[in-house]
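Contents: one structure, followed by commentary.
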Amino acid sequence: MIKKQVSHFYIIGAGFAGQMIAGDIRRKKIFGSVAAFLDDDKSLIGKDIDGIPVLGPIEDVIHLLKSTDSDEAVIAIPSAKVEKIKAIYESLKKNGFKHIKILPSISQVVNGTAHLIQAREIDPLDILGRTPVTISLKESLSYLRGKRVLITGAGGSIGSELARQLLSGGAERLYLFGHGENSIYQINRELKVLQQEGVGEKATIVPIIGDMKDREYVRYIISHTKCDVIFHCAAYKHVPLMEENPVAVIENNVFGTKNLLDAAIEFGVKKFVLISTDKAVSPVSIYGASKYLCEKLLLDAAEKTGKTEQDFMFVRFGNVLGSRGSILPLFMEQIKNGGPVTVTDPRMERFFMTIPEACSLVLQTGGVGKNGFSYLLDMGEPVKIKDLAEHIIEFSGLESGKDIEILYTGVRKGERLTEPLWLKEENPQPTEYPKILKLQSIPVKFNLSELLHNLEEICFSSPSVDSSKYRNALLLKETLQNVIPELRENQSEIPDAF
């Protein structure tokens, strides 16, 4: 990995994280030297730490620094609130800093250790929304020590972040399962570089390329890896795209999940955590319907395990900021191209959480969750998409309506203006863990086995089945609408759907 030469580093924060970053830089002199710490702590200002002066208060001294194009600022205050990060960022930008990096949140800086390689370029996620909840990963991951952990969809946004955080869990092995060769290659390589730089513990990392729709291959993988824990993140997720490919999303999400659940029961997997979505609540899209059925499959599997030592649960949450294919990278690309930024409707709003916070809470839930229970992450207040677009335009140093236009394009098939996080009957209740709520599981009101049989005849070819059913998108929609009436509200006939 080739890194650019930096003239001077200015480390914002002289606490344990900042001092460890300085130590990292000192050992790797070819990357530059530390010019100063910046801190608000009056007991530190004016002192030297290992020969490096501590200047402050932060926002008072930033404008006095004489930065060059090759200088870099590293914000190393993992516990800082969003408002503080935003103020520091804006001061650095005004003073001409072109290279501003930030350490991850405190939930990812484990056991009092921090490394320069963990710092990344600051982006809108760091100054938008609420301050993420602080979780001690050392404590919440203790249940994974010495265990074999398999992540499906490990190359995706949630799966890859789970893998990064799991490096600190003391797991014996991390199995990175996915069907995308390039994405699995990238996260496998990234984790090994992180380990080489001293991040996390010495888990053996094993990349596995495969398709969860292949039932026999899934059985083979689960039996041969002898995994103790499965975090099931893999799914087709893009709502409008899945409206055009309804059979594919049911085939992948529903039957892929069933294959994993069946194999997990058969081979004694101790914990199975399904990642779910708010779109599964009274679903109006095919994607939402697929995740609704995945939740029901999970609860059915939990019932089959009975009172054994196996714990099967799902964790539901709303949108995550910055995931692949989501609005944040789309907005950034549109701004880079000069606009316009496209928003479907000025009334459109969603619940948002950062990927690291969601993953930390998922990992914690996996440790404390019980068999057959349903969990919901507290997402805070919903955010209007148009407000988010305006904030990102502002982050980019531009003005909405003047430099970059916002274009309203209309609500697409499978979308609704707001996404509920739960049904009234689910009655979310707080747990002793911040931001983790427990839902009341609702019994299935239809014959799940019969529905799966009918869907299977559409998704998979068989000599014994009427060939007109195979990949019949219209029949699939009608079959789903018979058990999920809400689907009729936002569905139109798509002659070219597959």
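Just a few scattered comments:
- Residues considered: Thr257, Thr225, Thr277. Of these, the only one that is of a type outside the set (Asp, Glu) and more than 14 Å from Thr152 (Cα to Cα) is Thr277.
- In region 385-401, residue surrounded by the fewest Cβ atoms within 10 Å (Cβ to Cβ) [restricted to those that are over 13 Å from Met332 (Cα atoms) and more than 23 Å from the chain's Cα centre (by Cα)]: Gly401
- The numbered conditions (1) in contact with a strand residue (DSSP E or B) (Cβ under 6 Å, 6 or more places away or on another chain); (2) surrounded by fewer than 23 Cβ atoms within 10 Å (Cβ to Cβ); (3) within 26 Å of Val320 (Cα to Cα) are all true for Gly180 except (1).
Residue-wise test of (1) out of contact with any Asp or Glu (no Cβ under 7 Å at 6 or more places or on another chain); (2) under 30 Å from Leu448 (Cβ atoms); (3) in a helix (DSSP H, G or I).
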site: Ala248; (1), (2), (3): yes, yes, yes
site: Gly256; (1), (2), (3): yes, yes, yes
site: Ile265; (1), (2), (3): yes, yes, yes
site: Met313; (1), (2), (3): yes, yes, no
site: Arg324; (1), (2), (3): yes, no, no
site: Glu333; (1), (2), (3): yes, no, yes
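- Here Glu197 meets each of (1) within 23 Å of Arg120 (Cβ to Cβ); (2) at pLDDT below 95; (3) crowded, with 16+ Cβ neighbours inside 10 Å with one exception, condition (3).
- Residue pairs meeting the criteria (Cβ under 6 Å; at least 6 apart or on separate chains; first within 15 Å of Tyr292 (Cα to Cα), in region 422-451; second in a loop (DSSP other than H, G, I, E, B) and among the acidic types (Asp, Glu)): none
- Residue pairs meeting the criteria (Cβ under 7 Å; at least 6 apart or on separate chains; first closer than 11 Å to Ile75 by Cα, in region 87-108; second modelled with pLDDT under 90 and of a type in the set (S, T, N, Q)): Leu103/Gln118; Pro104/Gln118
- Residue in region 372-383 that is assigned to a strand (DSSP E or B), crowded, with 17+ Cβ neighbours inside 10 Å and at pLDDT below 95 present: yes
- Every residue from region 319-344 that is in contact with a Phe, Trp or Tyr (Cβ under 6 Å, 6 or more places away or on another chain) and modelled with pLDDT of 95 or more: Val341, Val343
- Boolean, Asp378 is among the acidic types (Asp, Glu), out of contact with any Pro (no Cβ under 7 Å at 6 or more places or on another chain), without any contact (Cβ under 8 Å) to a residue 12 or more places away in the chain and farther than 20 Å from His238 by Cα: no
- Applying a threshold of 9 Å to beta carbon distances and a minimum spacing of six or more residues, or different chains, the list of pairs starting in region 137-151 at a residue that is within 14 Å of Lys202 (Cα to Cα) and ending at one that is β-branched (Val, Ile, Thr) and in a helix (DSSP H, G or I) reads Arg148/Thr225.
- Residue count, region 431-444 (criterion: over 30 Å from Thr134 (Cα atoms) and touching a helix residue (DSSP H, G or I) at 6+ places or on another chain (Cβ under 8 Å)): 2
- Sole residue being in the same structural domain as Leu361 (by TED's automatic domain parsing) and out of contact with any Ser or Thr (no Cβ under 9 Å at 6 or more places or on another chain), chosen from Leu167, Leu150, Leu176, Leu141: Leu167
- Checked against the criteria, Asn252 counts as in the same structural domain as Gly414 (by TED's automatic domain parsing), touching a residue at least 40 places away in the same chain (Cβ under 8 Å) and either over 30 Å from Pro283 (Cβ atoms) or within 22 Å of the chain's Cα centre (by Cα) (or both).
- Residues (closer than 23 Å to Leu363 by Cβ, of a type outside the set (Lys, Arg) and not in a strand (DSSP E or B)) located in region 427-448: Pro428, Thr431, Glu432, Tyr433, Pro434, Ser441
- The residue list Lys296, Lys270 contains one member that is at pLDDT 95 or above, charged (D, E, K, R) and within 22 Å of Ile151 (Cβ to Cβ), which is Lys270.
- Checking Ser282 against (1) within 18 Å of Pro428 (Cβ to Cβ); (2) among the small types (Gly, Ala, Ser); (3) crowded, with 23+ Cβ neighbours inside 10 Å, the condition it does not meet: (3)
- Just one of the listed residues (Ile62, Ile77, Ile45, Ile85) is outside the structural domain of Phe395 (by TED's automatic domain parsing), more than 24 Å from Phe395 (Cα to Cα) and crowded, with 18+ Cβ neighbours inside 10 Å, and it is Ile45.
- When residues in region 200-238 are screened for being more than 30 Å from Ala119 (Cα to Cα) and buried (at least 21 other Cβ atoms within 10 Å of the Cβ), 5 of them pass.
The values are calculated or read from the model by the stated rules, or taken from the named source; none is laboratory data. Because the structure is a prediction, the values reported are computed rather than measured. Positions of Cβ are backbone-derived with ideal geometry, glycine not excepted, and every protein chain shown enters the neighbour counts.
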